[in-house]
């Protein structure tokens with residue numbers, strides 16, 4: 001079901017007590033719920049209070065809110081989108097809400113970091129190239145190089161091969177792009193060979209960085225759905241999760257050390273950065289002073 005709702009705000013300040021690997025200061029979610037229906041999605045967790053994650057709630061006043069909030073911000077810091085749902089889910093092709101948001105981000109000259117599983121982001125290359133004059137990054141979440149496996153664990157998302165193709169196009173157009181290998185699913189995608197394969201495919205597609213974490217999260221709401229999907233597609237694996245992890249929130253692969261070693265070894269070999277380059281705001285007073293300084 002698709003339903004329009006009224007939102008109270010559209011940019012949420014990122015509250016992080018530690019290092020943020022994505023360099024994001026404000027989260028922007030134009031939709032609630034996600035059509036990609038990845039079996040592991042943390043956004044199903046009960047704490048987010050989304051009654052039915054298959055329902056898509058469209059924040060119909062999102063652009064109006066965005067204009068007001070962009071105009072009111074004192075600091076132009078990086079806006080991130082893609083943390084609670086995919087900004088380029090199939091519905092976006094029809095509604096164009098993400099594109100309209102990017103138009104306003106161009107207008108107000110803010111930096112952006114888009115996280116997606118969709119090639120639909122290519123539609124907005126023109127806007128991303130304009131934002132790149134300030135700062136724009138597009139990260140593709142890819143959990144396996146195997147299209148058959150991706151069609152099981154990410155049933156309504158574009159296949160991994162489509163994401164690599166989109167990454168390649170963005171890279172050739174000069175957009176800063178890379179891969180996010182997360183989550184890594186114990187007993188399903190947690191082999192060093194899979195990680196190495198992902199990194200090599202991403203490098204060949206023009207990725208400039210690769211971010212990875214050797215595990216996943218599981219909490220109430222998300223856990224029950226994921227276990228049901230394991231029973232359907234990976235019989236016997238659920239019992240391994242229950243035995244090893246119980247009700248643990250962060251579930252790190254038993255192969256974490258080997259995955260870690262493979263990740264850093266291949267990244268060094270390919271000269272793939274393991275950290276992103278973040279937007280660095282310019283102090284307007286320093287910039288003014290510099291522009292008035294005689295050569």
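The values are calculated or read from the model by the stated rules, or taken from the named source; none is laboratory data. Model, not experiment: these values are computed from the prediction. Glycine gets a Cβ as well: all are built from the backbone with ideal geometry, and neighbour counts include every protein chain shown.
Could you tell me whether residue 129 is over 16 Å from the mean Cα position of the chain (by Cα), surrounded by fewer than 23 Cβ atoms within 10 Å (Cβ to Cβ) and part of a loop (DSSP other than H, G, I, E, B)? When the stated conditions are applied, residue 129 does not pass them. Please name all residue pairs, on different chains or six or more residues apart, with Cβ atoms under 8 Å, provided the first residue is in the stretch 57-72 and is touching a residue at least 60 places away in the same chain (Cβ under 8 Å) and the second residue is part of a strand (DSSP E or B). Within 8 Å, the pairs are 69/11.
Scanning the stretch 60-73 for residues that are closer than 12 Å to residue 108 by Cα and out of contact with any helix residue (DSSP H, G or I) (no Cβ under 8 Å at 6 or more places or on another chain) turns up 68, 69, 72, 73.
Annotation: of all residues in the stretch 94-115 being out of contact with any helix residue (DSSP H, G or I) (no Cβ under 8 Å at 6 or more places or on another chain) and not in a helix (DSSP H, G or I), the one that is surrounded by the most Cβ atoms within 10 Å (Cβ to Cβ) is 113. Checking the condition closer than 21 Å to residue 122 by Cα and buried (at least 23 other Cβ atoms within 10 Å of the Cβ), which residue from 171, 139 passes? Testing whether each residue is closer than 21 Å to residue 122 by Cα and buried (at least 23 other Cβ atoms within 10 Å of the Cβ) leaves just 139. Among the residues of the stretch 146-158, write down those that are crowded, with 17+ Cβ neighbours inside 10 Å and under 17 Å from the mean Cα position of the chain (by Cα). Of everything in the stretch 146-158, those that are crowded, with 17+ Cβ neighbours inside 10 Å and under 17 Å from the mean Cα position of the chain (by Cα) turn out to be 150, 153, 154, 157, 158.
The residues of the stretch 64-90 that are in contact with a strand residue (DSSP E or B) (Cβ under 6 Å, 6 or more places away or on another chain), modelled with pLDDT of 95 or more and surrounded by fewer than 19 Cβ atoms within 10 Å (Cβ to Cβ) amount to a single one, 69.
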